[in-house]
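The values are calculated or read from the model by the stated rules, or taken from the named source; none is laboratory data. Keep in mind that what you see is a predicted model, and the values were worked out from it rather than measured. Glycine also receives a Cβ, built like all others from the backbone with ideal geometry; neighbour counts cover every protein chain displayed.
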């Protein structure tokens with residue numbers, strides 16, 4: 001709940017075959033009984049590690065009205081029959097901020113050099129919602 005009349009919710013909606021789900025951020029005006037804004041914040045699809053550049057996403061609420069989204073690349077390597085998982089590589093960050101009227105401002109994904117938000121470690125990001 002952002003205010004007495006404005007609520008925010010994260011929705012996870014799956015596809016019909018169970019391969020992908022999509023995470024949305026929605027704001028809802030409970031007084032007027034309508035959705036103010038709906039934005040896809042990231043996909044949640046099965047990752048095929050054989051792809052040349054697999055990516056996945058995670059998000060966290062910084063405050064009740066600010067959500068940060070990370071684009072992460074898994075970091076695995078194989079020696080013989082053993083697969084080793086190293087901390088993931090952080091590729092980009094994005095911030096969505098809910099305004100008092102329910103409209104969302106979105107920075108879009110920014111490379112780490114352009115990012116002006118908080119500095120996150122990969123350990124912190126591994127604790128976020130996927």
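Restricting to the stretch 1-19, count the residues that are surrounded by 13 or more Cβ atoms within 10 Å (Cβ to Cβ), assigned to a strand (DSSP E or B) and over 11 Å from the mean Cα position of the chain (by Cα).
Adding up the residues that qualify gives 4.
Quick check: anything in the stretch 24-41 in contact with a strand residue (DSSP E or B) (Cβ under 7 Å, 6 or more places away or on another chain) and over 25 Å from residue 2 (Cβ atoms)?
So far as the stretch 24-41 goes, no, none of its residues is in contact with a strand residue (DSSP E or B) (Cβ under 7 Å, 6 or more places away or on another chain) and over 25 Å from residue 2 (Cβ atoms).
Restricted to the stretch 64-110, and to residues that are assigned to a loop (DSSP other than H, G, I, E, B) and surrounded by 15 or more Cβ atoms within 10 Å (Cβ to Cβ), which residue is nearest to the chain's Cα centre (by Cα)? Even if it seems obvious, please write down each step before you answer.
Residues of the stretch 64-110 that are assigned to a loop (DSSP other than H, G, I, E, B), as a first pass: 64-65, 80-81, 99-103, 107-109.
Remaining after also requiring surrounded by 15 or more Cβ atoms within 10 Å (Cβ to Cβ): 65, 102, 107, 109.
Working: 65: 14, 102: 19, 107: 13, 109: 10 Å.
Among residues in the stretch 64-110 that are assigned to a loop (DSSP other than H, G, I, E, B) and surrounded by 15 or more Cβ atoms within 10 Å (Cβ to Cβ), the one nearest to the chain's Cα centre (by Cα) is 109.
Can you confirm whether residue 58 is surrounded by 14 or more Cβ atoms within 10 Å (Cβ to Cβ), outside any loop (DSSP other than H, G, I, E, B), touching a helix residue (DSSP H, G or I) at 6+ places or on another chain (Cβ under 6 Å) and modelled with pLDDT of 85 or more?
yes
Do the conditions hold for residue 50, that is, is it at pLDDT 85 or above and either part of a loop (DSSP other than H, G, I, E, B) or loosely packed, with under 15 Cβ neighbours inside 10 Å (or both)?
no
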